[in-house]
Amino acid sequence: MLLFGHRFIPSETFYHITNIDDIHHTPPNACLTFAFSEENLDIIQHCNDNALHFALSIDNTTELIYASALNATYLIVTQTLAQRAQKIAQEYLFDAKILVKIEKDAEIEAMAHLGIDGVIYPSAVIKITS
């Protein structure tokens, strides 16, 4: 299981952006994160054109399918969507990893029992503003 933002396990940092200009304020090879939406298709295209790793926050199964097809590295879902998302990712052999937002260490066990690829704490995400 991948653990991002755990207090004693080193991990990759995610940089939350809201537009393409925000990317200039992130380190090279940063993993960018933003919400999946039609308004953000330009950011997704920019990431793909420039071979940038990115994570998309997903709200439903349709967005999950789109995000995988758009080459997201990680798909960040809520605990409510987690089990369905992981099952779909395994069924269709997604390259993207499913990450579930958690707040407490006690939530790791439940996600492990569901076979979730990984978890992400709020501390793993740095908000970038232009």
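Summary of values
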{"quantity": "Residue check for Asn48: within 18 Å of Asp117 (Cα to Cα) and either among the aromatic types (Phe, Trp, Tyr) or at pLDDT 95 or above (or both)", "calculated": "no"}
{"quantity": "Qualifying residues in the stretch 1-17 (those that are over 15 Å from Thr73 (Cβ atoms) and touching a residue at least 24 places away in the same chain (Cβ under 8 Å)) - the one surrounded by the fewest Cβ atoms within 10 Å (Cβ to Cβ)", "calculated": "Arg7"}
{"quantity": "Residues of the stretch 1-54 that turn out to be touching a Gly at 6+ places or on another chain (Cβ under 9 Å) and hydroxyl-bearing (Ser, Thr, Tyr), as a count", "calculated": "2"}
{"quantity": "Thr26 more than 18 Å from Leu93 (Cα to Cα), over 15 Å from the mean Cα position of the chain (by Cα) and surrounded by fewer than 19 Cβ atoms within 10 Å (Cβ to Cβ)", "calculated": "yes"}
{"quantity": "Candidate set from the stretch 78-127 (those that are in contact with a His (Cβ under 9 Å, 6 or more places away or on another chain) and farther than 25 Å from Ile23 by Cα); member that is surrounded by the fewest Cβ atoms within 10 Å (Cβ to Cβ)", "calculated": "Asp105"}
{"quantity": "Pairs, first touching a residue at least 12 places away in the same chain (Cβ under 8 Å) in the stretch 60-71, second part of a helix (DSSP H, G or I) and β-branched (Val, Ile, Thr), C-beta under 7 Å, six or more apart", "calculated": "Thr61/Ile88; Leu64/Ile88; Leu70/Ile44"}
{"quantity": "Residues (in a loop (DSSP other than H, G, I, E, B), touching a residue at least 60 places away in the same chain (Cβ under 8 Å) and out of contact with any strand residue (DSSP E or B) (no Cβ under 6 Å at 6 or more places or on another chain)) located in the stretch 85-130", "calculated": "Asp105, Tyr121, Thr129, Ser130"}
{"quantity": "Meets criteria (more than 13 Å from the chain's Cα centre (by Cα) and either under 24 Å from Asp105 (Cβ atoms) or among the small types (Gly, Ala, Ser) (or both)) for Gln83", "calculated": "yes"}
{"quantity": "Residue tally, condition small (Gly, Ala, Ser), over 25 Å from Pro28 (Cα atoms) and either out of contact with any helix residue (DSSP H, G or I) (no Cβ under 8 Å at 6 or more places or on another chain) or not in a helix (DSSP H, G or I) (or both), over the stretch 39-84", "calculated": "0"}
{"quantity": "Tally of residues being under 30 Å from Glu109 (Cβ atoms), part of a loop (DSSP other than H, G, I, E, B) and touching a helix residue (DSSP H, G or I) at 6+ places or on another chain (Cβ under 7 Å) across the stretch 1-38", "calculated": "5"}
{"quantity": "Count of residues meeting criterion [loosely packed, with under 11 Cβ neighbours inside 10 Å and polar (S, T, N, Q)] in the stretch 29-57", "calculated": "2"}
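The values are calculated or read from the model by the stated rules, or taken from the named source; none is laboratory data. The structure displayed is predicted, hence computed values, not measured ones. Ideal geometry is used to build each Cβ from the backbone, glycine not excepted, and the neighbour counts take in all protein chains shown.
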